[in-house]
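*Asks:* Input: one structure, supplied below.
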Amino acid sequence: MDILECINGRRSVRKYTDKLIPEETLTNIIELGTKSATGSGMEPWGFVIIQDKNEIDSLSEMTKKYLLDNFEEYPYLHQYKSWLENPKYSVFNHSNTLLIIYGNTESHWYVYDCSMAAGNIMLAAHNMGIGTCWIGFAEHTLNTKEFKAKYGVPEQYELVCPMSMGYMENKLTPSKRKKPIVFNK
């Protein structure tokens, strides 16, 4: 697949097969992610990989509970209340792989750099038949002191991108987007 085909065809995937992504494939995808641009050459990214479905399901339930218990703090999520209340809904799309990207705050550019790495990861995964979805709901749960301590994430690292991953259950059609807004025309 050439790069333009990859960019045009990639979609956020929310349905995965049960096939586990091999460790060497994940390593390759992450290494491709780190080929992205990096401000001042600081390469501030760090990664956590979870491939324990029970743990991922538990994190989903913790996330749903936290969001519902603190719902008034998140007005932008009110449209998703029925999802969060649904016992069958999984924040991580019932995936068996969760890739979490953290950025070292010692770099001013950590959010940009890690977001560009996430973009590369999503495109590389898509090229290999692996779907991905950036999970905004997990902002709090995966950035707590307790969670980071459990996975050895240093204190100066902050969550940038939680991403569900897996082999796609169905091939999706390319997304349609509005025309870009160009302000100076």
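*Asks:* For region 1-79, state what percent of all Cα-Cα pairs lands in each successive 10 Å bin, counting from 0 Å until the bin that includes the largest distance.
*Replies:* Bins of 10 Å from zero give 12, 27, 35, 25, 1 percent of pairs.
*Asks:* To continue, here is another question. May I ask you to list the GluC sites (Glu not before Pro) in region 118-185 that are in a DSSP loop and have at most 16 other Cβ atoms within 10 Å of their Cβ?
*Replies:* Qualifying residues, ordered by number: GLU139, GLU155, GLU169.
*Asks:* Here is a further query. With the other protein chains left in place, how much accessible area per residue, in square angstrom, belongs to the chain at a 1.4 angstrom probe?
*Replies:* Counting only protein heavy atoms, the per-residue value for the chain is 60 Å².
*Asks:* Can you tell me the alpha carbon radius of gyration of the chain divided by the globular rule-of-thumb value 2.2 N^0.38 Å?
*Replies:* 1.05
*Asks:* Once you have the alpha carbon radius of gyration of region 34-90, what is it after dividing by 2.2 N^0.38 Å, with N set to its residue count?
*Replies:* 1.61
*Asks:* Further question: In region 1-84, what percent of the accessible surface is made up of carbon and sulfur (1.4 Å probe, ligands and nucleic acids excluded)?
*Replies:* Accessible surface attributable to carbon and sulfur in region 1-84 totals 50 percent.
*Asks:* Then there is this: About the Cα centre, and with charges only on the beta carbon of Lys, Arg (+1) and Asp, Glu (-1), how big is the dipole of the chain? Nearest 20 debye, please.
*Replies:* 1020
*Asks:* Please list, or write none, the lysines whose alpha carbon is within less than 27 Å of the alpha carbon of LYS179, excluding same-chain residues fewer than 8 places away.
*Replies:* Candidates past the 8-residue exclusion: LYS171.
The values are calculated or read from the model by the stated rules, or taken from the named source; none is laboratory data. These figures come from a predicted structure and were not determined experimentally. Cβ sites come from the backbone with ideal geometry, for glycine too, and all protein chains shown count toward neighbours. For accessibility, only protein heavy atoms count, side chains too; no ligands or nucleic acids. Shrake-Rupley method; radii C 1.70, N 1.55, O 1.52, S 1.80 Å.
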